[in-house]
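Everything below concerns the one structure shown next.
What follows is calculated from the coordinates using simple rules that are stated; it is not laboratory data. Since the model is a prediction, treat every value here as computed from it, not as a measurement. Reconstructed Cβ throughout: ideal geometry from the backbone, glycine too, with neighbour counts over all protein chains shown.
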Amino acid sequence: MKKTIPSSAVPADSADREERSGLVFAPSCEGYALIDYMGPGKKVAIPAEHNGLPVVAIGKGALSNKGLREVSIPGTVAVIGHSALAWNDELAGVSIPDGVVYIGELAFAGNNLQNVSIPDTVASIGNSAFTWNKLFDIVIGRGVASINGGAFMNNMISAVAIPENVFSVGLGVFSGNRICGAIMPADVEICNDESMGVYGASFRKFYEACGRRAGAYAFDGRKWAWVERFGGPQRR
């Protein structure tokens, strides 16, 4: 089944609560969306089905500020909405399954995530989606074409591989990160001096001076260089 789930909100008046789990669902165009969690536990396992239909979305703020430590997302989910899993400061890790196509604005903001792998099925990463975590290791899937403003702002990332499909690194995407190594495709637009982190202004200038050449770039604390290889993240 092709997943084309919109990110719009679902009607609250049709909500359906699972008493045992505390999860609240509402109908979506191809199944159900999780819209709230009212349970006491710090671990949530989102089911793949509800009432015999697939759970296809995690709605706006559904698991935001719930004090969660662990969340399991099924492979049926296609959309992770605005602030869907934000502001859980004990949430240190999450697995985003193949099949997710859209990660919304602030979706995972303000958690304690240390690493994340974004699957190849994801096409777009929303504004500030992973801001204010403790990320040091990220893998961005090959399907991503758009990384929007502040997506990974204020983390601990030192090296990144930008996928071939990306045409633009948005405003302040890696702002606050001390990136010293980057694998870049050719002809990527770097939107501002903070897009590639603390050393982003010098990187942007050097990348442009290199004619936006594809390859690996390394910073030695003083200047950038184009290098044949480095020990940072590799393309999947």
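Based on Cβ point charges of +1 for Lys and Arg and -1 for Asp and Glu, what charge dipole magnitude is obtained for the chain about its Cα centre, in debye rounded to the nearest 20?
Working: 21 positive and 22 negative charges, 129 e Å.
Here the chain has a charge dipole of around 620 debye.
Just need the Rg to Rh number for the chain, please, alpha carbons only, Kirkwood Rh.
On the Cα set of the chain, Rg over Rh gives 1.02.
Between residue 208 and residue 49, 0.36 nm times their residue separation minus their Cα-Cα distance comes to what?
Taking residue 208 through residue 49 to full extension adds about 52.4 nm, to one decimal.
Sort the range 138-218 into rounded, prolate or oblate with this rule: let a ≥ b ≥ c be the square roots of the eigenvalues of the Cα gyration tensor; rounded if a/c is under 1.5, and if a/c is not under 1.5, prolate when a/b is larger than b/c, oblate otherwise.
Rounded.
Can you give the helix-only mean residue ellipticity at 222 nm for the chain, where every DSSP H stretch with n ≥ 4 adds -39500 (n - 2.57) and the sum goes over all residues, rounded to the nearest 500 deg cm²/dmol?
Estimated from H runs of four or more residues: -1000 deg cm²/dmol.
For a paramagnetic label modelled at 7 Å from the Cα of residue 226 toward its Cβ, which residues of the range 181-210 fall within the zone defined by backbone nitrogen distances under 18 Å?
From the range 181-210, the list is 181-190, 202-210.
Relative contact order for the chain: what percent, with Cα pairs under 8 Å and sequence separation of 6 or more?
For the chain, the relative contact order is 10 percent.
How big is the shadow of the Cα convex hull of the range 55-102, averaged over all directions, in nm²?
Quarter of the Cα hull surface area: 2.9 nm².
Starting from the Cα of residue 66, draw a straight line to each of the aspartates and glutamates and keep only those under 12 Å, dropping any in the same chain fewer than 8 residues away.
Here the aspartates and glutamates satisfying the reach criterion relative to residue 66 are 36, 89, 90.
Output the relative contact order of the range 80-156, whole-number percent, from Cα pairs under 8 angstrom with separation of 6+ residues.
After rounding, I find 29 percent.
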